[in-house]
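Each remark here refers to the structure printed beneath this line.
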Number of protein chains: 2
Amino acid sequence: MNRRVHIDLGERSYDVVVAPNLLGDCDAALAPLVRARRIALVTDPWVGDNLLPAFAPTLDALSPGWTRFTVSGGEAAKSFAGIEALLKDMLDAGIDRGCVLLAFGGGVVGDVGGFAAALLMRGIDLIQVPTTLMAQVDSSVGGKNAINTAHGKNLVGTFLQPKIVLADVSLLASLPEIELRSGYGEVVKCALLRGEREFAWLEDNLERILARDPAALVEVVAMGVETKARIVSEDELDRGRRALVNLGHTFAHAFETQAGFGEFPHGYAVATGLACAADLSARLGALAPATVERVTEHLRRAGLPTRLDELAGDGEWRAAAIERSMLHDKKTVAGRTHFVLLEDLGKPCVSDAVPPAALRETLLWAGAVDGGEAGA
Amino acid sequence: MNRRVHIDLGERSYDVVVAPNLLGDCDAALAPLVRARRIALVTDPWVGDNLLPAFAPTLDALSPGWTRFTVSGGEAAKSFAGIEALLKDMLDAGIDRGCVLLAFGGGVVGDVGGFAAALLMRGIDLIQVPTTLMAQVDSSVGGKNAINTAHGKNLVGTFLQPKIVLADVSLLASLPEIELRSGYGEVVKCALLRGEREFAWLEDNLERILARDPAALVEVVAMGVETKARIVSEDELDRGRRALVNLGHTFAHAFETQAGFGEFPHGYAVATGLACAADLSARLGALAPATVERVTEHLRRAGLPTRLDELAGDGEWRAAAIERSMLHDKKTVAGRTHFVLLEDLGKPCVSDAVPPAALRETLLWAGAVDGGEAGA
């Protein structure tokens, strides 16, 4: 049940391998890339303690001098202090341009590891081995990395394409339930971008997926990676079509900025953002109301929030404050916030001319309060 | 006497315009790139006070909302703290992907500004307007940017090619003498890479250059930019031939690391490094001793140091410590230090197999003391 998805980026092309039990059997895939060079393995404490021991024999054989570097788990590592400390550790240990950085962990490890690989001596080779559903289906593919600032998430970063991505779905067996569901939020996004066939497949197979059936997980991860591969290949540097993978994310980023990073999993914010994007699309006459209902129903079945009070019950969500956060989104250019809308399943489009009144109605529909212009 | 050098990098190609009195007459060159977008101008206090007033009317016409951001002059700005502060200032001011970063200053401004443009929202457009000979002839071209760490210079950075480089040689009229000579060290390097004709031209025109004759400066800057353009176009990401522009720099970086950044101008270290590279080339039988003498004589005529005691008279230079610093150079891979050597004027080559004894002899020739393995 192995799948191999090719990301076509000219001389920066690479493959994503999706399979169960992959880490114990990846010598053939990695050896030509590593060529006995020293691996700098970046991971977090939990992955280092729980998943690395099974991977270590493979690393010993591939790269006799491999070295482990640990970043703290959680978004706090995605900071200037975090990247500075990691780069210092690597320079202290003598990591140079001849080494390979292998990022082994979830989205934070992939982001900080990828950023470090991009910056160390202006770039060293990168291998991504994502250990969460979110990272396997989304963040490990496409070459983006970033850290956060006080102004918002992922506002500082670079592009560095990995040489290969190994997505071992067996690693997801030990993933906390909340992280599995969070990653599933991105899976739903991908299916909405793809079309009826993919979304219906999720509807029919949700129980198998949540039960972590390996064959179902391979399908789900491969579908997500293929979705991203198609869009990234057309627009590596995120100047046009790549904006489509941001379906639901203009909302999600604003919800995260308002609540403070880490108050809820990213995929939960995405799920609520997808519901909002569908609702906004219907208000603008683009999407059938029945499809909005079908999307929100599926998110609910997966145990994901579709309203702001489900996302974070305490505190008040003020519509005006959320709207202001959107103006700081990376996709905002010259003061115009870009939204990805749906005309149908599989038919996304981008608009930078959403009427403020429609946006406000969607936020109220999602449970925000009408804070007026002065709300904060 | 205008010159326009094309840097051929496929879809990342750009032009370097070299001319006197360029800033007062660059609307036509900049307008198609800026397209009335907001310019984030990054500069240092001296350039902002002394050179910006004459440039401001052009900026007012091109970009009504342009904003000035100031980084401290000197290498201290090339730090994590410096780049973090600049990015925060820019985000505070609402700089987004639709803006253009214009780096207006010397090498530090170009490095920090270029790094900020590369990292802000994963990359915004960059324009380089270098104000020193060093920056015009070398650092503004090629897309490299970097900050320093405790381990050495420029160990953390990225590549981001500018959209255009404007080298106005009239800006060099107010350049301190020491900075003019420092930049000239890189000019000599370029001529050594180019060949007999270029080096002889420098020998014949040194007085005009040091007197800042505009026509001579245009020739010198254009020659340097062309040299870099040829090599960069073949090897944008510095994995092979681009190493040639590092002639003299393996030595220079080690001298700078040993002395501490900022103890002497970079071009002075380069001049001493060029003398060492020539001497080492002769010791290995590659270069005629008469050519070594010709190179050191020209550097001396330009008022540049060719020996370590001329570079920094106080303190002792220990050969073993310099050799250890070389092991931390970015060009060092798997413990093998790469040297650019000369077989003749215009015939550089790279070696990662310089016998340690020959290197030691060159360092002693340059005035280092034989500190032995234990020296520090």
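Within the group B:88, B:163, which residue is more than 8 Å from chain A (Cβ to nearest Cβ), modelled with pLDDT of 95 or more and surrounded by fewer than 21 Cβ atoms within 10 Å (Cβ to Cβ)?
On the way: B:88 fails: more than 8 Å from chain A (Cβ to nearest Cβ).
After applying the criteria, what remains is B:163.
Being more than 10 Å from chain A (Cβ to nearest Cβ) and either under 10 Å from residue B:228 (Cβ atoms) or at pLDDT below 90 (or both) is the filter here; which residues of region B:136-154 pass it?
Filtering region B:136-154 down to residues more than 10 Å from chain A (Cβ to nearest Cβ) leaves B:136-142, B:148, B:153.
Passing the criteria: B:137, B:138, B:139, B:140, B:141, B:142, B:153.
Sort out which residues of region A:292-350 are at positive phi and within 14 Å of another protein chain (Cβ to nearest Cβ), and write them in order of number.
A:334, A:335 - these are the residues of region A:292-350 that are at positive phi and within 14 Å of another protein chain (Cβ to nearest Cβ).
Within region B:279-287, does at least one residue satisfy the condition of being surrounded by 21 or more Cβ atoms within 10 Å (Cβ to Cβ), hydrophobic (A, V, I, L, M, F, W, C), closer than 21 Å to residue B:224 by Cβ and touching a residue at least 12 places away in the same chain (Cβ under 8 Å)?
no
Given the options B:108, B:100, name the one that is under 26 Å from residue B:29 (Cα atoms), away from chain A (no Cβ under 14 Å) and among the hydrophobic types (A, V, I, L, M, F, W, C). First the steps, then the outcome.
Details: B:100 fails: away from chain A (no Cβ under 14 Å).
Just one listed residue meets the conditions, B:108.
Mind checking which residues of region B:9-21 are within 18 Å of residue B:126 (Cβ to Cβ) and assigned to a loop (DSSP other than H, G, I, E, B)? Walk me through it before giving the result.
If we filter region B:9-21 for residues that are within 18 Å of residue B:126 (Cβ to Cβ), which is where we start, we get B:9-17.
The answer is B:9, B:13.
Mind checking which pairs have a first residue in region A:23-34 that is in the same structural domain as residue A:61 (by TED's automatic domain parsing) and more than 18 Å from residue A:136 (Cα to Cα) and a second that is of a type in the set (Val, Ile, Thr) and assigned to a helix (DSSP H, G or I), Cβ under 8 Å, 6 or more apart or different chains?
A:27/A:58
Check B:248, B:273, B:262 and return the single one that is over 28 Å from residue B:17 (Cα atoms), buried (at least 24 other Cβ atoms within 10 Å of the Cβ), under 15 Å from the mean Cα position of the chain (by Cα) and away from every other protein chain (no Cβ under 14 Å). Steps first, please.
Numbers: B:248 fails: over 28 Å from residue B:17 (Cα atoms); B:262 fails: buried (at least 24 other Cβ atoms within 10 Å of the Cβ).
Going through B:248, B:273, B:262 in turn, just one is over 28 Å from residue B:17 (Cα atoms), buried (at least 24 other Cβ atoms within 10 Å of the Cβ), under 15 Å from the mean Cα position of the chain (by Cα) and away from every other protein chain (no Cβ under 14 Å): B:273.
State yes or no: is residue A:165 in the same structural domain as residue A:125 (by TED's automatic domain parsing) and β-branched (Val, Ile, Thr)?
Yes.
Given the criterion within 20 Å of residue A:262 (Cα to Cα) and of a type in the set (Gly, Ala, Ser), identify the matching residue among A:319, A:357, A:312.
Of A:319, A:357, A:312, the one residue that is within 20 Å of residue A:262 (Cα to Cα) and of a type in the set (Gly, Ala, Ser) is A:312.
Looking at region B:36-55, which of its residues are outside any strand (DSSP E or B) and in contact with a Lys or Arg (Cβ under 9 Å, 6 or more places away or on another chain)? Step through it out loud before you land on a result.
Let us first name the residues in region B:36-55 that are outside any strand (DSSP E or B), namely B:36-38, B:44-55.
Listed by number, the residues that qualify are B:48, B:52.
Does residue A:40 fit the bill of being within 11 Å of chain B (Cβ to nearest Cβ), at pLDDT 95 or above, crowded, with 16+ Cβ neighbours inside 10 Å and farther than 30 Å from residue A:213 by Cα? Quick ask: steps written out before the conclusion?
Values: within 11 Å of chain B (Cβ to nearest Cβ): no; at pLDDT 95 or above: yes; crowded, with 16+ Cβ neighbours inside 10 Å: yes; farther than 30 Å from residue A:213 by Cα: yes.
Judged against the criteria, residue A:40 is not a match.
Would you mind finding the one in B:177, B:196, B:203, B:186 that is farther than 30 Å from residue A:120 by Cβ, in contact with a Gly (Cβ under 8 Å, 6 or more places away or on another chain) and at pLDDT 95 or above? Outline the logic, then answer.
Details: B:177 fails: in contact with a Gly (Cβ under 8 Å, 6 or more places away or on another chain); B:203 fails: in contact with a Gly (Cβ under 8 Å, 6 or more places away or on another chain); B:186 fails: farther than 30 Å from residue A:120 by Cβ.
Residue meeting the stated conditions: B:196.
What about residue B:79, is it more than 19 Å from residue B:26 (Cβ to Cβ), surrounded by fewer than 19 Cβ atoms within 10 Å (Cβ to Cβ) and within 12 Å of chain A (Cβ to nearest Cβ)? Spell out how you get there, then give the answer.
Values: more than 19 Å from residue B:26 (Cβ to Cβ): yes; surrounded by fewer than 19 Cβ atoms within 10 Å (Cβ to Cβ): yes; within 12 Å of chain A (Cβ to nearest Cβ): yes.
Yes.
The conditions are (1) within 14 Å of another protein chain (Cβ to nearest Cβ); (2) under 28 Å from residue A:169 (Cβ atoms), and residue A:60 fails exactly one of them. Which is it?
The failed condition is (1).
Could you identify the single residue in A:191, A:211 that is over 15 Å from the mean Cα position of the chain (by Cα) and away from chain B (no Cβ under 13 Å)? Reasoning before the result, please.
Values: A:191 fails: over 15 Å from the mean Cα position of the chain (by Cα).
Unique residue meeting the criteria: A:211.
Cβ-Cβ under 7 Å, sequence separation 6+ or interchain: first residue in region B:58-74 and without any contact (Cβ under 8 Å) to a residue 60 or more places away in the chain, partner small (Gly, Ala, Ser) and in a loop (DSSP other than H, G, I, E, B). Which pairs?
Once the first residue is without any contact (Cβ under 8 Å) to a residue 60 or more places away in the chain and sits in region B:58-74, its partners that are small (Gly, Ala, Ser) and in a loop (DSSP other than H, G, I, E, B) give B:63/B:36; B:67/B:93.
So residue B:300 fits all but one of (1) in contact with a strand residue (DSSP E or B) (Cβ under 7 Å, 6 or more places away or on another chain); (2) within 18 Å of residue B:183 (Cα to Cα); (3) surrounded by fewer than 16 Cβ atoms within 10 Å (Cβ to Cβ); what number is the exception?
Evaluating residue B:300 over (1) in contact with a strand residue (DSSP E or B) (Cβ under 7 Å, 6 or more places away or on another chain); (2) within 18 Å of residue B:183 (Cα to Cα); (3) surrounded by fewer than 16 Cβ atoms within 10 Å (Cβ to Cβ) leaves (1) as the failure.
Can you pull out the residues in region A:226-243 that are away from every other protein chain (no Cβ under 14 Å) and basic (Lys, Arg)?
Scanning region A:226-243 gives A:228, A:230, A:241.
Which one of the conditions (1) out of contact with any helix residue (DSSP H, G or I) (no Cβ under 7 Å at 6 or more places or on another chain); (2) within 14 Å of chain A (Cβ to nearest Cβ) does residue B:113 fail to meet, given that it meets all the rest?
(2)
Can you say whether residue A:64 is exposed (fewer than 15 other Cβ atoms within 10 Å of the Cβ), under 25 Å from residue B:327 (Cβ atoms) and either more than 26 Å from the chain's Cα centre (by Cα) or assigned by TED's automatic domain parsing to the domain that holds residue A:233 (or both), as far as the supplied structure shows?
Details: exposed (fewer than 15 other Cβ atoms within 10 Å of the Cβ): yes; under 25 Å from residue B:327 (Cβ atoms): yes; either more than 26 Å from the chain's Cα centre (by Cα) or assigned by TED's automatic domain parsing to the domain that holds residue A:233 (or both): yes.
It is true that residue A:64 is exposed (fewer than 15 other Cβ atoms within 10 Å of the Cβ), under 25 Å from residue B:327 (Cβ atoms) and either more than 26 Å from the chain's Cα centre (by Cα) or assigned by TED's automatic domain parsing to the domain that holds residue A:233 (or both).
The values are calculated or read from the model by the stated rules, or taken from the named source; none is laboratory data. Note that this is a predicted model, so its numbers are computed, not measured. Please note: Cβ atoms are built from the backbone with ideal geometry, for glycine as well, and neighbour counts cover all protein chains shown.
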